[in-house]
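Structure record follows, encoded as structure tokens.
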Amino acid sequence: MTETTFVEAIASTLARAMREDERVIVLGEDVAEGGPYLATAGLADEFGRERVRNTPISEGTVCGVTIGAAQAGLRPVVEIMFIDFITLALDQLVNQAAKAHFMSGGQLSVPLVLRTQGGAGQRNGAQHSQSLEAWLTHVPGLKVVMPSCAADAAGLLTAAIADPNPVVFVENKSLYFRRETVPDPPEAIPIGKARTLRAPERARITIVALSRLVGDAVEAADRLASDDGVEAEVIDPRTLVPLDLDALAQSVRRTGRAVVAHEAVTAGGFGAELAAQIQAAAFDYLEAPIQRVGAPYTPVPVSPPLEDAYRPGADHIYRAAKIALEWGEYDAEPWDHGAIAGNSAPGG
Amino acid sequence: MPTSALDADTARDLLRTMWRIRLFEERVAQLKRSLQVHGLIHLSIGGEGVAAAVCRQLRDDDAVYSGHRAHGHAIAKGAPLDRLMAELMGRESGLCHGLGGSMHLVDAEHGFMGATGVVGGNLPLALGTALAQHLRGADQATVVFFGDGAVQAGHFNESINLAALWKLPVIFVCENNGFAEFTSRAEHSTVERVSDVVAPYGFDRETVEGSDVPAVYEAFASFLEHARAGKGPYLLECLTFRRRGHYEGDPEKYRDPEAEREWAARDPIARFTHVDDEAARQIEREAGEQIEAAVRFARESPFPDPEIATRLVYAT
């Protein structure tokens, strides 16, 4: 095991992929300078500026260049600096990358990785803090990966580069600089395999969490055990598309209750899809409605106390778990939806 | 007689390609009216000369990207007529097994890397393929066909900047037919000539008349030679005319009868005098026979098994 950080794991994984396969190139705004978070630090020095290409601020065309290069046999990794800017590249990603293999009847394939990062917490405001991954899961043909730790980032990025399909690799900026340990050398992690972080005996609830919320889910589970004497399983799907539904459904069949948690706005978030798929697969086992944790239906505010209140975390997961655990124990007393972040209806 | 370096074989090839496109598209228009060809159909009748003159000079390992008006480019790049017709008729034996259709044709074997239904969306893809060619150090080139309507799209402006910056072996071929969908270029831009739009980026550009096939051929030949040598991007603007609507079924309320008459007289096939009459008639007859054989091939082919649609969402 080696000590590292999430961004160092990204940079070293890219370097290893470029060493092993000359078809791998990296492009994006400022990537040859290492980028604002240093996720591509050192690559230009080792591989030169032909393979590590700074691009103009032209997200749409740069994304399309990546697609055309992938169709012609390269293995490009493109960085969109903030997921908020993926809006500018969505035409290429949605209309070209996702459909090229299909529309060509299998003649073309698009082995590209689009790395980007989202998430709030740095007072960057509503245009540099969003969590937009659910949009991408709605487009057949894209794979969507959301690692929650450095080891998964390294393993999943290795798999994403080797994948013959367009893979959107969504990082969370809040995870970037924590000290973590990773296997050395890192092992490829198959896309489509969930990770179970906590599977105690006699667990009474399953917490399914994405990206930054995985650590919060473990914290909430610890508190449930210490304060309430309730054990919880914690599962990180790691990839949204394809989704390891079996792992989630098997857990919920054991526990009978579930909370799904992510940083994105709850309404229309991927948690809705998780909840729908879990209830369809484990309906007869459910003791309570599946609870969703996410951000409220507002843009991300800048002011520190407002942003802190906006971001879902361990406390929200804990309270959602309590609602699920206590379901049916009281007379039908309607609880306060607004107490759980993000449970306010759109426009309400 | 035009003075031109076209040799006899080349001239016959060009005429053959133009007739194949013309008769294919006329047949497609009929089949569309009888609902045997499916979806939005955009025809290039009157503009065949550009596709023929450009693609005649390309190899299979050169890439071509096209837009929504793509049949001619695919045919000129070598796509087989029978599988092309089968694709438009939604059959299993179609180039894309019926998953692409008229606006999303691909024939990778012949370097026809794809049509797209999103105006301007093909330009970045062409740059990417040209980047791969550049990094491999090959003498391949990429051609992207687009209309004057794409020039006002963000992707065009981003793409010409990046192609010039990276000196990519890409040749932008603009078929300027004066209309973007239903409205004239004058309603879309204050810049009349597309070749003027790219002037500040410093790459060579030329405007020729698209129905003057030898002129297109010669202008493109020079650009292709330089692109193969790694001297960067080029833009060839071909002034042409859309003798049919934007799509089959277009109400065409914007039509100007005088322009119709003028361009009918400038038809690229009619004014191509490099092949003697007898040989030209034989080329036309053979092309017609090939089109009918393609229609028979497509009709005899089954529709695809629905299972293919789920199987081809992801590559394995």
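The values are calculated or read from the model by the stated rules, or taken from the named source; none is laboratory data. Worth saying up front: this structure is predicted, and the values here are computed from it rather than measured. Note that we place each Cβ from the backbone using ideal geometry, even for glycine, and neighbour counts take in every protein chain shown.
All but one of (1) more than 22 Å from the chain's Cα centre (by Cα); (2) in contact (Cβ under 8 Å) with a residue 24 or more places away in the chain hold for residue B:267; which doesn't?
For residue B:267, the exception is condition (1).
Tell me, which residue of the stretch B:105-131 that is surrounded by fewer than 24 Cβ atoms within 10 Å (Cβ to Cβ) and in a helix (DSSP H, G or I) is farthest from the other protein chains (Cβ to nearest Cβ)?
B:110
Of all residues in the stretch B:106-130, how many are of a type in the set (A, V, I, L, M) and either closer than 14 Å to residue A:95 by Cα or out of contact with any strand residue (DSSP E or B) (no Cβ under 8 Å at 6 or more places or on another chain) (or both)?
6
Inspect all residues belonging to the stretch A:103-124 and state whether any of them is within 9 Å of chain B (Cβ to nearest Cβ), part of a helix (DSSP H, G or I) and not hydroxyl-bearing (Ser, Thr, Tyr).
Yes, the stretch A:103-124 contains at least one residue that is within 9 Å of chain B (Cβ to nearest Cβ), part of a helix (DSSP H, G or I) and not hydroxyl-bearing (Ser, Thr, Tyr).
Considering only the stretch B:159-183, state which residues are within 13 Å of residue B:194 (Cα to Cα), part of a strand (DSSP E or B) and modelled with pLDDT of 95 or more.
Result: B:172, B:173, B:174, B:175.
Does any residue of the stretch B:83-94 turn out to be assigned to a loop (DSSP other than H, G, I, E, B) and surrounded by 23 or more Cβ atoms within 10 Å (Cβ to Cβ)?
The answer is yes; a qualifying residue exists.
Could you list, in sequence order, the residues of the stretch B:277-316 that are more than 22 Å from residue B:86 (Cα to Cα), away from chain A (no Cβ under 13 Å) and loosely packed, with under 12 Cβ neighbours inside 10 Å?
Residues satisfying the conditions are B:277, B:278, B:281.
Starting from residues that are touching a residue at least 12 places away in the same chain (Cβ under 8 Å) and not in a strand (DSSP E or B), keep the ones in the stretch A:221-236 and report whichever is nearest to residue A:189 (Cα to Cα).
Selected residue: A:221.
Could you please let me know if residue B:79 is small (Gly, Ala, Ser) and assigned to a helix (DSSP H, G or I)?
No, not satisfied.
Can you find even one residue in the stretch B:33-49 that is of a type in the set (Asp, Glu) and without any contact (Cβ under 8 Å) to a residue 60 or more places away in the chain?
Within the stretch B:33-49 (the criterion being of a type in the set (Asp, Glu) and without any contact (Cβ under 8 Å) to a residue 60 or more places away in the chain), the answer is no, since none of the residues qualifies.
When you scan the stretch A:1-95 for strands (runs of 3 or more DSSP E) that lie fully inside it, which ones turn up with 1 or more residues that are charged (D, E, K, R) and within 14 Å of chain B (Cβ to nearest Cβ)?
Those strands (runs of 3 or more DSSP E) span A:52-54, A:75-80.
Within the stretch A:176-201, can you find the residues that are closer than 18 Å to residue A:14 by Cβ and either at pLDDT 95 or above or assigned to a loop (DSSP other than H, G, I, E, B) (or both)?
A:176, A:177, A:180, A:183, A:184, A:185, A:186, A:187, A:188, A:189, A:191
Go through (1) at the interface with chain A (Cβ under 7 Å from one of its Cβ atoms); (2) under 16 Å from the mean Cα position of the chain (by Cα) one by one and return the number of the condition residue B:74 breaks.
Here residue B:74 clears every test but (1).
Only one of (1) more than 14 Å from chain B (Cβ to nearest Cβ); (2) part of a loop (DSSP other than H, G, I, E, B); (3) under 19 Å from residue A:80 (Cα atoms) is not met by residue A:153, so which one is it?
Checking residue A:153 against (1) more than 14 Å from chain B (Cβ to nearest Cβ); (2) part of a loop (DSSP other than H, G, I, E, B); (3) under 19 Å from residue A:80 (Cα atoms), the one that fails is (2).
So which residues in the stretch B:145-155 are surrounded by 22 or more Cβ atoms within 10 Å (Cβ to Cβ), more than 9 Å from every other protein chain (Cβ to nearest Cβ) and under 21 Å from residue A:56 (Cα atoms), if there are any at all?
B:150, B:151
Out of (1) among the polar types (S, T, N, Q); (2) within 11 Å of another protein chain (Cβ to nearest Cβ); (3) out of contact with any Ser or Thr (no Cβ under 7 Å at 6 or more places or on another chain), the odd one out for residue B:102 is which?
With (1) among the polar types (S, T, N, Q); (2) within 11 Å of another protein chain (Cβ to nearest Cβ); (3) out of contact with any Ser or Thr (no Cβ under 7 Å at 6 or more places or on another chain) applied to residue B:102, the lone miss is (2).
Return the only residue of A:294, A:229 being over 23 Å from residue A:192 (Cα atoms) and small (Gly, Ala, Ser).
When all the criteria are applied, what remains is A:229.
Of all residues being surrounded by 14 or more Cβ atoms within 10 Å (Cβ to Cβ) and either of a type in the set (S, T, N, Q) or in a loop (DSSP other than H, G, I, E, B) (or both) in the stretch B:132-142, which is farthest from the other protein chains (Cβ to nearest Cβ)? Just the residue, please.
B:139
Could you list, in sequence order, all residues of the stretch A:290-328 that are in a strand (DSSP E or B) and not polar (S, T, N, Q)?
A:292, A:293, A:294, A:295
Give the stretch A:27-64 a look and list any residue that's in contact with a Lys or Arg (Cβ under 7 Å, 6 or more places away or on another chain) and of a type in the set (Ser, Thr, Tyr), or say none.
A:37
Taking only pairs six or more apart or across chains, which ones have beta-carbon atoms under 7 Å, a first residue in the stretch A:290-303 that is more than 14 Å from residue A:319 (Cα to Cα), and a second residue that is modelled with pLDDT of 95 or more and in a strand (DSSP E or B)?
Close Cβ pairs (under 7 Å, with a partner that is modelled with pLDDT of 95 or more and in a strand (DSSP E or B)) amount to A:295/A:263; A:295/A:264; A:295/A:265; A:297/A:265.
Would you check which residues across the stretch A:273-285 are without any contact (Cβ under 8 Å) to a residue 60 or more places away in the chain and hydrophobic (A, V, I, L, M, F, W, C) and list them?
Across the stretch A:273-285, the qualifying residues are A:275, A:276, A:280, A:281, A:282, A:283.
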